[in-house]
Each structure stands twice: as structure tokens, then as C-alpha cells.
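Have a look at the structure below, then the notes.
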Ligand code: GLU
């Protein structure tokens, strides 16, 4: 049976046919440069000792540091971490984030551990990475992934600083930190916001929408979201605010369906109080959560784990667009089925890259030791006010105080972060379309995305002089 890493490499090989690099260079891009697998003990709350299994994979050192999240899940295995690290390499290349790809994993079900135990596990994991040189602002920079968040990142930063004292750039050893601990505003929402920008761009193209029988724009598009974690929640929120209708939300325990539309935050609060999304007022329950993916909709947004779409269920998918919030939700067997059905797949390595893009901004902030906008906000505001005064004296019009406040407002950190993210997602999308347009043989946007990534990584190896 093929594993996730083999699957990523199969897609890579398919894309590599559209390039002309020597096989040795392609082999170097494709392989996983390093994997550190380690076990360590922790003392549980009841006094027993348990051995924890953990990994950190560094897929490509063509740019340093390497970057990628850490996943806490009972399902974690070595080739999965390698595959996710590989996807990080391609993802960073596609959105011009100057990092190689990495990923970490700890094989635990976080829900089965107390907060104290999770802290001990996270700190010990960090300790092991420091010992082996698998973490550092110029080496390898983790971030949140499935099962981890700001809290874990704060523990990692604190442990790193304790073990490597006196380093000015130490805070850049991990991203996705709380804003009070060196994080950047907008990182929490970034992957979801990036997904929204990706969908908005795709929906703005009449050439992409017409074959699907869809009008342009997001308005009224029916969306099904799988997974109400950080990525799914924010993607759902921005899509709904952009005019889409959330017709179903699927979670582990089942799915809820409402043609009228759901509000992600009400569903989230309901799940928090009752422990389940089921029995949400006004919505129908669907206990078979996998069946929710097969309902009719315009946009299907998987935002949980890999391997969701297979040769078995792909023929029954009725969505017109698949927006891959998760990493690797579509297996290589499902891709040709989606192509044949005419489904537009917006691939993970492009559309969920908003997270790592804003991680890059956080890392830059940590290295520069200054909040975005601190130097320029008032200066820009003063320029804008001057412009308004010039307009007033030229036209005789008087702006109201409210208009003045709205029109002359220097950007805050979050404005700059979101602007950088929007620019990144739009530019990368047009690059994918351009690659697909200029190579008629390229069958879909995923292969176009891989081709773009291969070109960028190959070029960087060639610039290093390692390959001619
Ligand atoms: N875990 C996220 C991803 O898969 C973010 C990685 C990062 O910010 O470094 O893209």
C-alpha cells in the first residue's frame, strides 16, 4: 500500500514531466533531506511513565530556515510527516516565502492529556529538537498544525529561550505565537483568510466559472465545510461574510445541514457547550459525517486531515469547486476522477498557504523587533490628511470628521499583514493560471502549482551552483 509521501511524489513526478531538469536535480528536490525520529518519557498526572513517539522532518534545505507546523494526532506516522514537510517546500515556493519545507508530529490524542501533561510533552519535544539542532530562527521554525495552537507555540518559544539564552532573535524560533509573546496580528485567521482570497480569485474568473455553470462572484455560493478547527472556522467565516452560504458543516461526530445557511460561530458555540455539532437548532442532523461531503453544493472545503477523497468516494462528490484547506485531502486516485467530472480543484499547496505566508511576516517581525506600522502609521496619516486638505481647498468641499477619520488612517499591523497576504494569494493564483495557460498539456491547477514549485526550487539549486 502506498503511503502519503509516495502519493505526494507521484504528483511531483507527473508535474516534473512538464519541466526539463536533469533527473538528478528532480531527485534532489523530491527527496526528504532529513528525518529525526525520537521517543521520550513523560510522567503522567497519575504518576505512571509513558513513552511518547515524535518526529521532525526537514524536506528541503534549498532555503534556510526550513518551516512547517507540528501536528498532535494519534494517527501521526513517519511518512505522513515527510509528506507534509514536502508539501511545505512546494507551498513556500508557490507563494514566494523564502523557506524550505519541514513538519513535526507527536503521536498523541491531545484530548487524552491534561494541560500540564501537554505542556511537559511540548517542552520536552522542544528540548529534544534543541539538542539535535532541529530548531532555531535560522535553522528550522515550527508553527501550529492539526491539534496545536498558540498555547503550544508559546511553550516552544519559552523553552527555546531558556535553553539558548542571550540570542536576540530567539523569538523567531517558532511562529503562530500569541500576540503578547511575539506573535503577529492576523496569524490566527491567516490560513482561513488566504482560503477566502483564493476562492474569491477563482470565482472572479468567468473562464473558470462558466464551465461549472456558475456565475462569477461569491454571492450565494453554497459551501460545505469539513472541520471546524482554526482553518475551517475562519475560512467559513470569511466566505460567509463574502456572501457565500454555509449549507453544511461536518465534524468527527456527524454533520449538520441547513439550506438556509449556518453561522460558523453559533455552531462553534453550540459545540463548545454541548460537546457536539449535532442537534443545532434549525439544522438537520447527518450522523454519517462522510456522507456530508457527497451532498450537492458549489464549494466543498475540506479542512481536517489528508486522504479524504479516494477512488471510492470521488465519483459521488457533487461539488463544483473543491477548496483544499487541509493538506493532502485528495489522493492521486481521486484527482483524475475530479478532472473527468469537471470539478475545479484549488490545490492545498496554493490555497492553504496563507498560514505560512503570515508566519513569514511574524518571523520578519521577530527579527526586526518592531511592530508593523509603528514607524509609518502616523506619517502616512499625516500625508493623507494633507491630501484631504488639498482636495478641500481645490473643490471647496468640506469632509466630515467621520469621513476624515475613515479616509486618513495610517495602517495598523493587522492591515499591513492582511494586505501582504492578499497580495501574495492574488499573485500566486495568477501565476498558476499563467502556467496552466502556457502549457496546454497541464491537466489541472494542482499540476500547475507543482510545476511552479519545481521551477522555483530548481532555480535556487542552480543558483547555488550545485547543479548546472
Ligand atoms: N501548519 C501550517 C501549514 O500546513 C502552517 C505552517 C507554518 O506556518 O509554518 O501550512
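The values are calculated or read from the model by the stated rules, or taken from the named source; none is laboratory data. All figures in this text were calculated on a predicted structure; none of them were measured in a lab. Heads up, the Cβs are rebuilt from the backbone with ideal geometry, glycines too, and the neighbour counts pull from every protein chain shown.
Of note:
- Odd one out for residue 96 among (1) touching a helix residue (DSSP H, G or I) at 6+ places or on another chain (Cβ under 6 Å); (2) at positive phi: (1)
- Listing of strands (runs of 3 or more DSSP E) fully contained in region 1-75 that carry 1 or more residues being over 30 Å from residue 308 (Cα atoms): 34-43, 49-58
- Among the candidates 104, 147, 138, residue that is more than 13 Å from residue 68 (Cβ to Cβ), modelled with pLDDT of 95 or more and either within 11 Å of the ligand (Cβ to nearest atom) or assigned to a strand (DSSP E or B) (or both): 147
Listed here are the residues, each with its yes/no results for (1) touching a residue at least 40 places away in the same chain (Cβ under 8 Å); (2) surrounded by 24 or more Cβ atoms within 10 Å (Cβ to Cβ); (3) over 19 Å from the mean Cα position of the chain (by Cα).
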| site | (1), (2), (3) |
| --- | --- |
| 142 | yes, yes, no |
| 147 | yes, no, no |
| 163 | no, no, yes |
| 166 | no, no, yes |
| 171 | yes, no, yes |
| 180 | no, no, yes |
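- Every listed requirement among (1) in contact with a helix residue (DSSP H, G or I) (Cβ under 7 Å, 6 or more places away or on another chain); (2) within 15 Å of the ligand (Cβ to nearest atom); (3) part of a loop (DSSP other than H, G, I, E, B) is met by residue 172 save one, (3).
- Filtered residue count, region 154-169, keeping only those that are assigned to a helix (DSSP H, G or I) and closer than 16 Å to residue 134 by Cβ: 5
- Residue in region 113-120 that is away from the ligand (no atom under 16 Å from the Cβ) and not in a helix (DSSP H, G or I) present: yes
- Whichever residue in region 309-327 is surrounded by 22 or more Cβ atoms within 10 Å (Cβ to Cβ) and in contact (Cβ under 8 Å) with a residue 60 or more places away in the chain and, among such residues, is farthest from residue 68 (Cα to Cα): 319
- Single condition residue 188 does not satisfy, out of (1) within 12 Å of the ligand (Cβ to nearest atom); (2) crowded, with 23+ Cβ neighbours inside 10 Å: (2)
- Subset of region 76-101 that is away from the ligand (no atom under 16 Å from the Cβ) and assigned to a helix (DSSP H, G or I) - its residue that is surrounded by the most Cβ atoms within 10 Å (Cβ to Cβ): 79
- Of the residues making up region 290-345, those that are within 16 Å of the ligand (Cβ to nearest atom) and over 17 Å from residue 11 (Cβ atoms) are 301, 303, 304, 305, 323, 325.
- Tallying residues that are under 14 Å from residue 30 (Cβ atoms) and assigned to a loop (DSSP other than H, G, I, E, B) within region 452-468 yields 1.
Conditions tested, residue by residue: (1) buried (at least 17 other Cβ atoms within 10 Å of the Cβ); (2) at pLDDT below 95.
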| site | (1), (2) |
| --- | --- |
| 392 | no, no |
| 405 | no, yes |
| 412 | no, no |
| 415 | no, no |
| 429 | yes, no |
| 449 | yes, no |
| 465 | no, yes |
| 468 | no, yes |
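- Candidate set: region 58-67, residues that are over 13 Å from residue 93 (Cβ atoms) and within 13 Å of the ligand (Cβ to nearest atom); chosen: the one surrounded by the most Cβ atoms within 10 Å (Cβ to Cβ): 58
- Residue within region 402-425 that is touching a residue at least 60 places away in the same chain (Cβ under 8 Å) and under 30 Å from residue 20 (Cβ atoms) present: yes
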